[in-house]
Amino acid sequence: MKADIKEILFNEVKIEQRVLELGRQISADYQGKDLVLVGILKGGVPFLADLIRAIDLPLEYDLMAVSSYGASTKSSGTVKIIKDLDAGIESRDVIIVEDIVDTGLTLQYLQENLKSRRPNSIKIATMLDKPSQRKMVIHPDYNGFEIPNVFVVGYGLDFAGKYRNLPFIGVLKEEVYS
Ligand code: 5GP
């Protein structure tokens, strides 16, 4: 798998340190709140798993799945809920946990959808932010790292379902997907 990677952007140590920082920030911001983290399957799972353990507060987490890019490296522009939350979020303090914000289409849709369920508050945590590709006005409240317009894999991020288990975040060699 490593042979398909052109460049490692963030190694395990860097990721761990940044997640701990985000966990500390969230712990400070959500004291006394009814915190629910909504992890987005499948890419958000490693980040969610690490982030919840870096937050020193009582919390719950739930999972949602939305349609993804499939075996393409470009967004299709349409978002569909494949798996909804198990529980309601009314009057609760929600943080959506995503792997990456690219065009912002996914989060724009998710944010509007979850807002209609009348939570007390709703914020966004993402491991990566690719602001150069944005089509929607989405500003992540908690952001691991900002990256340029490159296609990355690892730490939950896939290409055609693979590479999610890489412990680092790296740029895939172009010949792998072209
Ligand atoms: P958006 O709706 O913001 O355009 O895209 C969000 C989703 O696109 C992410 O959850 C992720 O599944 C996928 N995505 C966007 N950029 C990348 C990337 O560089 N690598 C991978 N593996 N997926 C990406």
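Per-structure values
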quantity: Every pair of residues 6+ apart whose Cβ atoms lie under 7 Å, when the first sits in the range 20-38 and is over 22 Å from Leu85 (Cα atoms) while the second is surrounded by fewer than 15 Cβ atoms within 10 Å (Cβ to Cβ); calculated: Ser27/Asp56
quantity: Selected residue [closer than 18 Å to Leu128 by Cα, in a loop (DSSP other than H, G, I, E, B) and of a type outside the set (D, E, K, R)] from Gly43, Gly39, Gly88, Gly23; calculated: Gly43
quantity: Pick from the range 33-49, criterion under 12 Å from the mean Cα position of the chain (by Cα) and not hydrophobic (A, V, I, L, M, F, W, C), ranking: farthest from Leu166 (Cα to Cα); calculated: Gly39
quantity: Failed item, numbered, when Thr73 is tested on (1) within 8 Å of the ligand (Cβ to nearest atom); (2) modelled with pLDDT of 95 or more; (3) over 13 Å from the mean Cα position of the chain (by Cα); (4) not small (Gly, Ala, Ser); calculated: (2)
quantity: Out of Ile100, Ile138, Ile96, Ile122, sole residue that is under 26 Å from Leu35 (Cβ atoms), aliphatic (A, V, I, L, M) and more than 13 Å from the ligand (Cβ to nearest atom); calculated: Ile122
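Residues are listed down the side, and each one gets a yes or a no for (1) touching a strand residue (DSSP E or B) at 6+ places or on another chain (Cβ under 9 Å); (2) surrounded by fewer than 17 Cβ atoms within 10 Å (Cβ to Cβ); (3) touching a residue at least 12 places away in the same chain (Cβ under 8 Å); (4) under 25 Å from Arg24 (Cβ atoms):
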{"residue": "Ile96", "(1), (2), (3), (4)": "yes, no, yes, yes"}
{"residue": "Asp99", "(1), (2), (3), (4)": "yes, no, yes, yes"}
{"residue": "Thr103", "(1), (2), (3), (4)": "no, yes, yes, no"}
{"residue": "Gln111", "(1), (2), (3), (4)": "yes, no, yes, yes"}
{"residue": "Lys115", "(1), (2), (3), (4)": "yes, yes, no, no"}
{"residue": "Asn120", "(1), (2), (3), (4)": "yes, yes, yes, yes"}
{"residue": "Met127", "(1), (2), (3), (4)": "yes, no, yes, yes"}
{"residue": "Val137", "(1), (2), (3), (4)": "no, yes, yes, no"}
{"residue": "Tyr163", "(1), (2), (3), (4)": "yes, no, yes, no"}
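The values are calculated or read from the model by the stated rules, or taken from the named source; none is laboratory data. Just so we're clear, the structure is a prediction, and the values are computed from it rather than from any experiment. A quick note on method: Cβ atoms are made from the backbone with ideal geometry, for glycine too, and the neighbour counts reach across all protein chains shown.
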